[in-house]
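Here the structure is laid out as structure tokens; the discussion comes afterwards.
The values are calculated or read from the model by the stated rules, or taken from the named source; none is laboratory data. Only a predicted model underlies this, so the values are computations on that prediction, with no experimental measurement involved. We place every Cβ from the backbone using ideal geometry, glycine too, and count neighbours over all the protein chains shown. Surface accessibility is based on the protein's heavy atoms, side chains included, excluding ligands, DNA and RNA. Shrake-Rupley method; radii C 1.70, N 1.55, O 1.52, S 1.80 Å.
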Amino acid sequence: MLNEEDDSFRDSISTIDAKGKRAWIFPKIPKGKLYERRKWLSYFLLLFLFAAPFVKVNHHQFMMFNVLERRFNLFGFPFWPQDFHIFVIIMIIGVVGLTLFTVAFGRIFCGWFCPQTIFMEMLFRRIEFWIDGDRGAQIRLAKQEWNAEKIRKRLTKWFIFFVISFWIANVFLAYLISSDKLILLVSEGPANNTSTLIALLIFTAVFYFIYAWFREQVCIIACPYGRMQGVLLDNKSINVAYDHVRGEKEIGRAKFNKNEDRTTTGKGDCIDCSLCVHVCPTGIDIRHGTQLECVNCTACIDVCDSMMENVGLPKGLIRYASEDEIVKKEKFVFTNRMKGYVAILAILLGVFIGMLFLRNEVEATVLRLPGQLFQHKGDKISNVYTFKIVNKTSINFDKVHIELVSPKGKVKMVGPRYFKVSREGITEGTLFIEIQEAVLESDKTKLVLEVYNDNKLIDNETTNFLGPRSFD
Ligand code: SF4
Ligand code: SF4
């Protein structure tokens, strides 16, 4: 049974020892049904992660997060700085969706989908198992003197970790600056792009530091999502949980004795084999209850199930369950809190869909030049404007021109009347608008302009025209 003394595990974290030094965690190699499923999912997600910046949909990079130019592509759908409000809504939908998911299903995201867990547990940790062996061999290797075997194993591991970190840094850069730009920079050679090379080496160093040294501490100490669990989870949230009612029973857990019948002795089903602790990549004991350090990796479920099978007890002593399911035998319920999140999510999705329908593929802006009033040109009045045309499509516009629809007047371009706006490009310039003074009804007239590519209307815009004040 849990008691007051057991709470001492909350006083420290598993990666720091009593002297405040780093305590290395040497988890056992996980095996089992859930681990196999996670492995296949992680292959798919790794493929997605590495391929997404190099796949194009309608000439748009499938996924791109170009924060420097504030341009983002999500699933081949481009978002420009002008669409930033839509991007913000997507981010909010993501946060609310993840919150709802967490309230209902705990940290399933961490164990099955989080890139950090996938890289650490499914890539780097498996390389480590392959080179250094299982938990026992790793502990022995860490303790032994620096002999030929240890040097060979350590150098091999560090070299492979560095190469993968460099590879991840390149992919990361492809997400940031676009794969086309990355390929161009690579083809030009590092000597011509020293600043990019330095950035790449810094990213490599960060990834290497995380996966070779910092490791599970990202989840335990640094991850903000992990820190939010305390407020998101409640007794009805489904989590990787130890069934303490069954595991401890009346007199608590006890070692297995094949000659006794545990149903009559009052001993719990936990045979205190400690395998769930040894297999845990964050070094915790799930039998202490739900902890912020648990990334829901399911390794303890698998190992406990196989132990239960070996000793002839029912599986599921550690399983996906809510506290209320364990204590009160209550099935999953869709709580009012979850309903509230669903309602907010539905509203946000409605706003998002509305914004997508209202979004323009071409955006023309015509603004009066700041600080300029108007000029008399005979019987005409002239105003000067700057214009900007954003082409978000994957088609080049070769014959763009701007027409004044109302009132009657003339558009005079500074430069050629017809100009180009390349695909995913922006063209800016200056123009004059001249209107007969007699046509103006007030000192501020609303203008309606249309933008054409050849004869096709691609956008329209309104702006103001200043004229002399009438004192009639
Ligand atoms: S693996 Fe299962 S039986 Fe073994 S200590 Fe953990 S909970 Fe108890
Ligand atoms: S307690 Fe279990 S599910 Fe949680 S991190 Fe450890 S092994 Fe994974």
Leading residue by the ranking (nearest to the chain's Cα centre (by Cα)) among those in the range 170-210 that are assigned to a helix (DSSP H, G or I) and of a type in the set (G, A, S): A174
Condition first: of a type in the set (A, V, I, L, M, F, W, C) and open to solvent by less than 60 Å² (accessible area, probe 1.4 Å). Now tell me which residues in the range 357-394 satisfy that. V362, A364, V366, L369, I381, V384, F387, I389, V390
Among the residues of the range 123-144, is any within 23 Å of L176 (Cβ to Cβ) and in the same structural domain as Y35 (by the TED database)? yes
How many residues are within 9 Å of ligand 2 (Cβ to nearest atom) and either over 17 Å from L34 (Cα atoms) or without any contact (Cβ under 8 Å) to a residue 24 or more places away in the chain (or both) if we restrict to the range 291-320? 2
Among the listed residues D272, D285, D243, D302, which satisfies the condition of being under 22 Å from Y225 (Cα atoms) and within 10 Å of ligand 1 (Cβ to nearest atom)? D285
I need every pair where a residue in the range 55-77 that is of a type in the set (K, R) has its Cβ under 8 Å from the Cβ of a residue that is in a loop (DSSP other than H, G, I, E, B), sequence separation at least 6 or different chains. K56/F62; K56/G76; R70/W80; R71/W80
Report, by residue number, each residue of the range 16-41 that is open to solvent by less than 90 Å² (accessible area, probe 1.4 Å), under 26 Å from the mean Cα position of the chain (by Cα) and more than 13 Å from ligand 2 (Cβ to nearest atom). E36, K39, L41
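Can you name every one of the strands (runs of 3 or more DSSP E) wholly within the range 293-388 that holds 1 or more residues which are within 24 Å of A254 (Cα to Cα) and of a type outside the set (V, I, T)?
On the way: elements: 318-321, 362-368, 375-377.
In the range 293-388, 318-321 are the strands (runs of 3 or more DSSP E) which contain 1 or more residues that are within 24 Å of A254 (Cα to Cα) and of a type outside the set (V, I, T).
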What's the number of the condition G354 fails, among (1) open to solvent by 40 Å² or more (accessible area, probe 1.4 Å); (2) free of Cβ contacts under 8 Å to residues at least 12 places away in the same chain? (1)
Candidate set from the range 286-315 (those that are more than 27 Å from the chain's Cα centre (by Cα) and of a type in the set (D, E)); member that is most open to solvent (accessible area, probe 1.4 Å): E309
Restricting the range 42-63 to residues that are loosely packed, with under 15 Cβ neighbours inside 10 Å and of a type in the set (F, W, Y), the residue that is farthest from F113 (Cα to Cα): F50
Test: residue in the range 400-415 that is touching a Gly at 6+ places or on another chain (Cβ under 9 Å) and at positive phi: yes
